[in-house]
There are 2 protein chains.
Amino acid sequence: MKQIAESTVRRLSLYLRFLEDYRRQGLETISSGDLASLGGMTSAQVRKDLSFFGSFGTRGLGYSVNALAHRIREILGLEREWQVIIVGAGKIGAALAQYRAFGERGFRIVGIYDVDPARIGVSLDGTIVKDQRELDADLQSVKPDIVLIAVPAEAAQPLLERVTKAGIRGVLNFAPTPLHAPSGVTLRSVDMALELELLSYTLTSAMA
Amino acid sequence: MKQIAESTVRRLSLYLRFLEDYRRQGLETISSGDLASLGGMTSAQVRKDLSFFGSFGTRGLGYSVNALAHRIREILGLEREWQVIIVGAGKIGAALAQYRAFGERGFRIVGIYDVDPARIGVSLDGTIVKDQRELDADLQSVKPDIVLIAVPAEAAQPLLERVTKAGIRGVLNFAPTPLHAPSGVTLRSVDMALELELLSYTLTSAMA
DNA sequence: GGGTGCTTGTGAATGTTTTCACAACTTATT
DNA sequence: AATAAGTTGTGAAAACATTCACAAGCACCC
């Protein structure tokens with residue numbers, strides 16, 4: 001299949017949330033215009049996004065809320081469960097461990113690791129923090145799908161190399177530093193400081 | 001000035017980090033090629049990004065590390081201090097309160113608020129969590145520049161309306177829900193669940 | 001069963017971002 | 001002073017993403 005733009009996939013995730021809202025409200029159909037006004041985009045954009053994956057709607061009527069939600073979940077790979085481990089049990093790691101939105105989407109936290117003896121053994125939302133020396137063995141035995149990096153910036157790149165050598169293919173990095181992953185590994189970064197800088201830029205430009 | 005693409009500004013933030021690394025290493029000049037290989041982009045991209053804001057380099061030599069870093073800090077609005085408050089003192093709010101990377105960039109946390117009596121009065125990284133009923137008064141007196149939203153999803157939109165009515169122009173939202181801001185307000189969202197879904201999509205497509 | 005109103009799906013047009021490619025300029029060298 | 005090596009800045013081209021605009025299709029009603 002042709003390469004789909006990240007912006008399209010990002011919107012697909014939003015559509016899914018709106019569909020789930022609609023379902024909770026007991027509504028059975030939704031139009032591209034409804035989705036667009038919820039998400040602040042145009043209806044043409046919604047239809048074009050969906051058209052990359054097929055034709056799911058009914059002309060004159062719109063989309064079946066259930067059918068479209070199911071199809072988007074399939075596209076995004078959310079019909080399965082993903083095994084996730086967190087490395088770093090500081091404040092950010094702890095926040096991730098108890099983050100409800102992950103579990104609701106099928107991301108199951110199966111392990112948390114740290115190097116600090118003061119953190120090892122502590123329970124974070126029901127999961128005991130393990131010694132990071134057990135990480136390699138656990139990567140072999142548990143074979144998680146995704147690793148969340150929540151360690152200090154300087155420890156992030158070595159950790160990335162360690163987990164990719166162990167066969168991990170998906171990494172979400174929360175350390176505020178750009179990382180380089182080998183090809184075949186999908187790396188995304190959530191950089192909160194950078195987001196704040198973007199805000200700073202926009203506020204500064206708006207004032208000038 | 002012409003509208004600058006968000007992707008360009010995002011890269012500018014990255015360049016600034018690389019420049020700071022270079023400065024720490026005592027290097028005085030850097031080429032677009034150096035910046036590009038650090039950030040995984042092309043040298044033409046780097047030069048084009050910078051060209052939107054002027055000509056800062058010397059042909060044959062490259063860019064002065066100090067001068068370029070200073071200029072990017074100016075562009076991003078990082079030469080001043082920003083007063084930031086956090087609403088929501090749960091795990092995410094607490095993680096944000098102690099996040100070192102904010103302070104290093106001139107974002108100063110001047111208040112944290114929550115509605116939960118169990119959290120009010122607690123010190124988070126030196127700042128005492130205040131009762132959210134004091135928020136409106138403090139917005140008037142402290143006049144912070146930026147609000148970080150770290151409340152549950154269902155409380156996020158009402159809170160956004162409350163702070164924008166009080167004159168807040170910049171908001172960074174961490175609740176996993178799309179928000180709608182009035183025009184004139186800059187809203188950005190960090191949606192960790194959505195990032196994981198993007199990862200899920202890429203991993204799923206790569207397998208197929 | 002035909003008409004009306006609404007909504008999709010999609011080529012074409014437009015707008016935006018990235019990449020290319022090279023003249024122009026700087027420094028270093030002989 | 002002339003040459004060589006290196007790097008910027010930038011128009012033009014290419015690639016990519018969004019918006020337009022409308023034929024096609026479906027549901028509902030009379």
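Table for the structure above
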item	result
Criterion: among the hydrophobic types (A, V, I, L, M, F, W, C), under 18 Å from the mean Cα position of the chain (by Cα) and surrounded by 13 or more Cβ atoms within 10 Å (Cβ to Cβ) - qualifying residue of A:VAL115, A:VAL84, A:VAL65	A:VAL84
Candidate set: segment B:161-178, residues that are open to solvent by less than 20 Å² (accessible area, probe 1.4 Å) and under 17 Å from the mean Cα position of the chain (by Cα); chosen: the one farthest from A:THR186 (Cα to Cα)	B:ILE168
Lone unmet requirement of (1) out of contact with any Phe, Trp or Tyr (no Cβ under 7 Å at 6 or more places or on another chain); (2) at pLDDT 95 or above for A:ILE30	(1)
For A:ARG100: the one exception among (1) modelled with pLDDT under 95; (2) away from chain B (no Cβ under 14 Å)	(2)
Hits in segment A:136-154 - residues which are farther than 18 Å from A:LEU96 by Cα and either part of a helix (DSSP H, G or I) or within 13 Å of another protein chain (Cβ to nearest Cβ) (or both)	A:ASP136, A:ALA137, A:ASP138, A:LEU139, A:GLN140, A:SER141, A:VAL142, A:GLU154
Pairs where the first residue, in segment B:1-28, is of a type in the set (Lys, Arg) and the second is assigned to a loop (DSSP other than H, G, I, E, B), C-beta under 8 Å, 6+ apart	B:LYS2/B:PHE52; B:ARG11/B:MET41; B:ARG17/A:THR177; B:ARG17/A:PRO178
Subset tally (residues that are more than 7 Å from chain A (Cβ to nearest Cβ) and modelled with pLDDT of 95 or more) for segment B:183-204	4
Residue count for segment A:80-109, restricted to those that are without any contact (Cβ under 8 Å) to a residue 12 or more places away in the chain and of a type outside the set (A, V, I, L, M, F, W, C)	5
Segment A:49-76 residues that are within 14 Å of chain B (Cβ to nearest Cβ), paired with ones that are near DNA strand D (Cβ under 9 Å from one of its atoms) (beta carbon under 7 Å, 6 or more apart)	A:ASP49/A:THR8; A:ASP49/A:ARG11; A:PHE52/A:ILE4; A:PHE52/A:THR8
Unique residue being small (Gly, Ala, Ser) and within 16 Å of DNA strand C (Cβ to nearest atom) when the list is A:SER31, A:SER13	A:SER31
B:LYS91 within 22 Å of the chain's Cα centre (by Cα), open to solvent by 30 Å² or more (accessible area, probe 1.4 Å) and farther than 20 Å from B:ARG23 by Cα	yes
Residue within segment B:194-207 that is outside any helix (DSSP H, G or I) and out of contact with any Lys or Arg (no Cβ under 6 Å at 6 or more places or on another chain) present	no
Tally, over segment B:123-158, of residues that are open to solvent by 10 Å² or more (accessible area, probe 1.4 Å) and hydrophobic (A, V, I, L, M, F, W, C)	8
Within segment A:20-52, considering residues that are among the hydrophobic types (A, V, I, L, M, F, W, C) and open to solvent by 30 Å² or more (accessible area, probe 1.4 Å), the one nearest to A:GLN3 (Cα to Cα)	A:PHE52
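The rows are residues; the columns are (1) within 16 Å of DNA strand D (Cβ to nearest atom); (2) of a type in the set (Lys, Arg).
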{"site": "B:ALA44", "(1), (2)": "yes, no"}
{"site": "B:GLY54", "(1), (2)": "yes, no"}
{"site": "B:ARG71", "(1), (2)": "yes, yes"}
{"site": "B:VAL84", "(1), (2)": "no, no"}
{"site": "B:GLY93", "(1), (2)": "no, no"}
{"site": "B:GLN98", "(1), (2)": "no, no"}
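The values are calculated or read from the model by the stated rules, or taken from the named source; none is laboratory data. From a predicted model like this one, the values you see are computed outputs, not experimental measurements. A quick note on method: Cβ atoms are made from the backbone with ideal geometry, for glycine too, and the neighbour counts reach across all protein chains shown. When the accessible area is computed, the model is the full protein with side chains, heavy atoms only, and any ligands, DNA or RNA have been set aside. Shrake-Rupley method; radii C 1.70, N 1.55, O 1.52, S 1.80 Å.
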